[in-house]
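These notes concern the structure reproduced below.
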Amino acid sequence: MTLDRGPVPEQGWDKGPVPLSRKENGMFVYNKGYIVDSAILVAHYSGFPYVCKKKGDLNMTKVGILVGSLRKESFSKKIAENVAELFPEGYETEFVNIGDIPLYNQDFDDENNVPEEIATFRYKMKQIDAVLFVTPEYNRSIPAVLKNAVDAGSRPKSESVWNGKPAAIISQSPGNLSGFGANHHLRQSLVSLNMPVLQQPEAYLANSAALLDENGIISNEGTIQFLQLFVDAFVALMEKYKG
Ligand SMILES: Cc1cc2nc3c(=O)[nH]c(=O)nc-3n(C[C@H](O)[C@H](O)[C@H](O)COP(=O)(O)O)c2cc1C
């Protein structure tokens, strides 16, 4: 693994430890480090923490996938897994867990006492270039767990993890409603968070249970074609906003 030295990590990452002792290119010796995900690790070099990224991943566009349901057999999650397969080369998808984010309380930031799970979530999202939301509808809106993640990532306002990142939304429902209300409530928040949201095609999946076979695979050709069109349009949006 070739490592680049990056900026000092944000609060909340100095934990572990995973013992590491390696020399790379004759330059760095890590005494201990913390593997954050497959692409990033936080290491200590001469007592100072550094964020290190795998070199090969630097040119990849990272798409974070946030699922608005924590249910084990979630249709949203299964749909998201199918959609993740449709991204082209150069795009890396990563499911970001939102289930352990504490209920957001503004005091966390006002009193500089941000829970570790929120700091971790913010840090992860900072590494992400764009966001795909796949969500059911709860009572004509988005599930609280997803709104909580949106809120937790939005503060401190000047450091919002969402700012300027392209986004796309798929809503689903096992019934006929297809999550239209959730889709548009989420859009309303994303506008305020300055996320350019994919406009067309809109993705409202009705009768979602029937779309998935017993292995959680979507096999209906028309649906696959539509989802590919959706991903292609999202990719075009991401390309447009690349810095
Ligand atoms: C609290 C709650 C509220 C719900 N409200 C709606 C709703 O407004 N519209 C709808 O189409 N389905 C509604 N449903 C049904 C969900 O669409 C269904 O449970 C779906 O499977 C949830 O998505 P998941 O499979 O990804 O967990 C609701 C379910 C729950 C638990």
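Overview of values
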| item | result |
| --- | --- |
| Residue match in segment 150-166 (condition: in the same structural domain as residue 77 (by TED's automatic domain parsing), within 16 Å of the ligand (Cβ to nearest atom) and either in a helix (DSSP H, G or I) or free of Cβ contacts under 8 Å to residues at least 24 places away in the same chain (or both)) | no |
| Qualifying residue in segment 155-170 (condition: closer than 24 Å to residue 87 by Cα and over 19 Å from the mean Cα position of the chain (by Cα)) | no |
| For residue 221: the one exception among (1) surrounded by fewer than 16 Cβ atoms within 10 Å (Cβ to Cβ); (2) more than 21 Å from the chain's Cα centre (by Cα); (3) within 17 Å of residue 88 (Cβ to Cβ) | (3) |
| Out of 73, 81, sole residue that is assigned to a loop (DSSP other than H, G, I, E, B), within 16 Å of the ligand (Cβ to nearest atom) and more than 11 Å from the chain's Cα centre (by Cα) | 73 |
| Pairs, first in a loop (DSSP other than H, G, I, E, B) in segment 207-224, second within 16 Å of the ligand (Cβ to nearest atom), C-beta under 7 Å, six or more apart | 207/174; 207/176; 216/78; 216/81; 217/82; 219/213; 220/211 |
| Subset of segment 129-147 [of a type in the set (A, V, I, L, M, F, W, C) and either surrounded by fewer than 21 Cβ atoms within 10 Å (Cβ to Cβ) or part of a helix (DSSP H, G or I) (or both)] | 144, 145, 146 |
| Which listed residue is within 16 Å of the ligand (Cβ to nearest atom), in the same structural domain as residue 232 (by TED's automatic domain parsing), in contact (Cβ under 8 Å) with a residue 60 or more places away in the chain and more than 25 Å from residue 237 (Cβ to Cβ), from 114, 134, 145 | 145 |
| From the options 89, 94, 111, 116, residue that is closer than 30 Å to residue 206 by Cβ and either surrounded by fewer than 19 Cβ atoms within 10 Å (Cβ to Cβ) or at pLDDT 95 or above (or both) | 94 |
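The values are calculated or read from the model by the stated rules, or taken from the named source; none is laboratory data. In this text, all values refer to a predicted model and were calculated from it rather than measured experimentally. For neighbour counting, all protein chains shown are included, and Cβ atoms are generated from backbone atoms with ideal geometry for every residue, glycine included.
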